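S.K.: I have a structure I would like to understand better, so I am pasting it below and will then ask my questions one at a time.
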Amino acid sequence: MKLILTREVSGLGRAGDVVTVKDGFARNFLLPRGNAIAWSLGGEKQIDGIRRARASREIRDIDHAKEVKATLEAATVTVSVKVGAAGRLFGSVTDKDIAASIKASVGLDIDRHAIKTAGHIKSVGSHAVKVSLPHHVVASVNVTVVAKA
């Protein structure tokens, strides 16, 4: 089956690539998770849009990755969440919440899969979070969790 990848899939390709995979892999894994769409002639236009978006977000080389690292480490990332009486969160702060806060404060579009936390963040305060960037560059970001007013 011929597909257009909408996200990077390990061992298969990057977003915007046209790949041919077995029907079962496409039906049971790629399509339900939104990692790919079925290829069609109209899909060729989507490929151009996906590639343009990927090129604007992509970290070009190691120097650019180091610039992004410096920007992330200098940034103040604040996540506001609902908390209970004892200062414990309702649920936990997810990688998706952190990625959205980074985008809001710095303007960088970081993939949530690149964010690594040391366990679940379930309390108010400052927490260290690692962000894996391309070219084996790792940024350490301080995330401050505050109570939502």
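S.K.: With respect to the cross-link table entries K69/K130; K69/K116; K45/K96, which display a Cα-Cα separation exceeding 21 Å? Intermediate results must be reported in sequence, preceding the final value.
M.R.: On the way: K69/K130 10 Å; K69/K116 15 Å; K45/K96 29 Å.
Pairs exceeding the cut-off: K45/K96.
S.K.: Compute, for the chain, the length of the dipole vector about the Cα centre, with Cβ point charges of +1 (Lys, Arg) and -1 (Asp, Glu) only. Units Debye, rounded to 20. Could you put the intermediate results ahead of the total?
M.R.: Details: 23 positive and 14 negative charges, 89 e Å.
Here the size comes out at about 420 debye.
S.K.: Give the Rg (one decimal place) followed by the Dmax (whole number) of the chain, computed from C-alpha coordinates and expressed in Å.
M.R.: Rg then Dmax for the chain, in Å: 18.3, 57.
S.K.: Run the dipole for region 62-147 about the Cα centre, Lys and Arg Cβ at +1, Asp and Glu Cβ at -1, nothing else charged, and hand back the magnitude in debye, nearest 20.
M.R.: Details: 10 positive and 7 negative charges, 71 e Å.
That gives a dipole near 340 debye.
S.K.: How large is ³J(HN,Hα) for each residue in region 110-119, as worked out from phi by the Karplus curve 6.51 cos²θ - 1.76 cosθ + 1.60 (θ = phi - 60°), to whole Hz, x for Gly and Pro?
M.R.: 9, 5, 5, 6, 8, 8, 10, 10, 8, x
S.K.: Among V21, V77, V93, whose Cα sits farthest toward the positive end of the charge dipole of the chain (+1 at Cβ of Lys/Arg, -1 at Cβ of Asp/Glu, about the Cα centre)?
M.R.: Of V21, V77, V93, it is V93.
S.K.: On to the next question. Taking the beta-carbon count within 10 Å as an exposure proxy, list H127, H136 from fewest neighbours to most. Please list the in-between numbers first.
M.R.: Numbers: H127 20, H136 8.
With the fewest neighbours first, H127, H136 line up as H136, H127.
S.K.: Over 14 Å, how big is the tail of the calculated P(r) for region 2-57, in percent of all Cα pairs?
M.R.: Values: 742 of 1540 pairs.
Considering region 2-57, 48 percent of its Cα-Cα pairs are separated by more than 14 Å.
S.K.: Here's something else I'd like to know. Collect residues whose amide H, placed 1.01 Å from N in the peptide plane, falls under 5 Å from the amide H of I121; neighbours closer than 5 in sequence don't count.
M.R.: Here the answer is V93, since their amide H atoms fall under 5 Å of that of I121.
FYI, it's all coordinate maths here, none of it is from the lab. All figures in this text were calculated on a predicted structure; none of them were measured in a lab. Here Cβ is always computed from backbone atoms with ideal geometry, including for glycine, and neighbour counts include all displayed protein chains.
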